[in-house]
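Quick notes on the structure that follows.
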Amino acid sequence: MPTKTVSSATEAKLLQAAKQAMKHAHAPYSQFRVGAAVLLTNGKIFSGCNVENASYGLSNCAERTAIFSAVAEVGPGIEIRAVSVVNDHGVPCSPCGACRQVIFEFGPNATIFFQGASGPKQAHITELLPEGFRL
Ligand code: THU
């Protein structure tokens with residue numbers, strides 16, 4: 001599926017929302033704060049941060065926090081147009097496998113903005129998650 005363009009102004013707004021959300025991260029175990037923002041096809045932006053737990057496996061990534069927040073607020077009919085992810089170490093950080101599958105659920109044509117190995121990068125969700133699972 002072709003990637004729909006997101007204007008550079010919208011991309012900047014999405015990045016800003018992710019940076020703002022990162023400030024709320026609860027990451028006392030990894031000390032790795034992450035912020036994410038999702039742009040819906042209706043133009044609304046929702047953001048989220050990682051929320052860790054003393055029982056490590058219960059931790060939630062920033063991307064999923066943002067997506068679940070959008071679903072809670074708008075409903076299950078949302079469609080994700082783009083996702084932005086940032087971290088407080090300025091290191092490469094593409095969405096983890098679980099988050100890719102959750103992005104795919106609500107955004108099979110989404111564009112993801114993240115820090116790649118050699119600088120800022122954008123990728124279509126199906127590049128990050130070929131053959132995503134569907135029921
Ligand atoms: N994390 C995210 O929130 N998003 C990512 O894309 C990668 C990892 C979080 C999970 C955990 O709280 C911390 O980063 C270290 O793995």
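None of the figures in this text is laboratory data; all of them are computed from the coordinates on show. All values reported here derive from a predicted model rather than from experimental measurement. Neighbour counts are summed over all protein chains in view; Cβ atoms, including those assigned to glycine, are modelled from backbone coordinates with ideal geometry.
Principal axis extents of the Cα atoms in the chain, from largest to smallest and rounded to whole angstrom, are 40, 34, 27. Taking the Cα centre of the range 8-128 as origin and assigning +1 to Lys and Arg Cβ atoms and -1 to Asp and Glu Cβ atoms, the resulting dipole is close to 200 debye.
Of the options TYR56, LEU129, PHE68, report the single residue whose Cα projects farthest towards the positive end of the charge dipole of the chain (beta-carbon charges: Lys, Arg +1; Asp, Glu -1). In the chain, that residue is PHE68. Residues of the range 68-94 with backbone nitrogen within less than 19 Å of a virtual label 7 Å along the Cα-to-Cβ line of LYS121, please, listed as ranges. Zone members listed by number: 82-94. In terms of its C-alpha gyration tensor, the range 83-132 has a prolate overall shape, because the principal axis ratio a/c (a ≥ b ≥ c, square roots of the eigenvalues) is not below 1.5 and a/b outweighs b/c. One decimal place: the segment VAL74-ALA12 gains 20.0 nm when fully extended, by the rule 0.36 nm per residue minus the C-alpha distance.
Using a cutoff of 8 angstrom between alpha carbon atoms and counting only pairs six or more residues apart, the relative contact order for the chain works out to 21 percent. Evaluated on the range 21-81, the Kirkwood hydrodynamic radius is 11.8 Å, with distances taken between all distinct Cα atoms.
So what's the range 43-112 giving for Cα Rg divided by 2.2 N^0.38 Å, two decimals? Present the calculation step by step, with values, prior to reporting the outcome.
Numbers: Rg = 12.2 Å, N = 70, 2.2 N^0.38 = 11.1 Å.
That ratio works out to 1.10.
Each peptide in 51-59, 102-110 gets a packing score, the mean of other Cβ atoms within 10 Å over its residues, and the list from highest to lowest is 102-110, 51-59. Using just its DSSP H runs of length 4 or more, each adding -39500 (n - 2.57), the chain gives a mean residue ellipticity at 222 nm of -9500 deg cm²/dmol after division by all residues. How much length would be gained if the chain were fully extended between LEU135 and HIS24, taking 0.36 nm per residue of separation minus their Cα-Cα distance, in nm to one decimal? Taking 0.36 nm per residue and subtracting the Cα distance, the gain is 36.6 nm.
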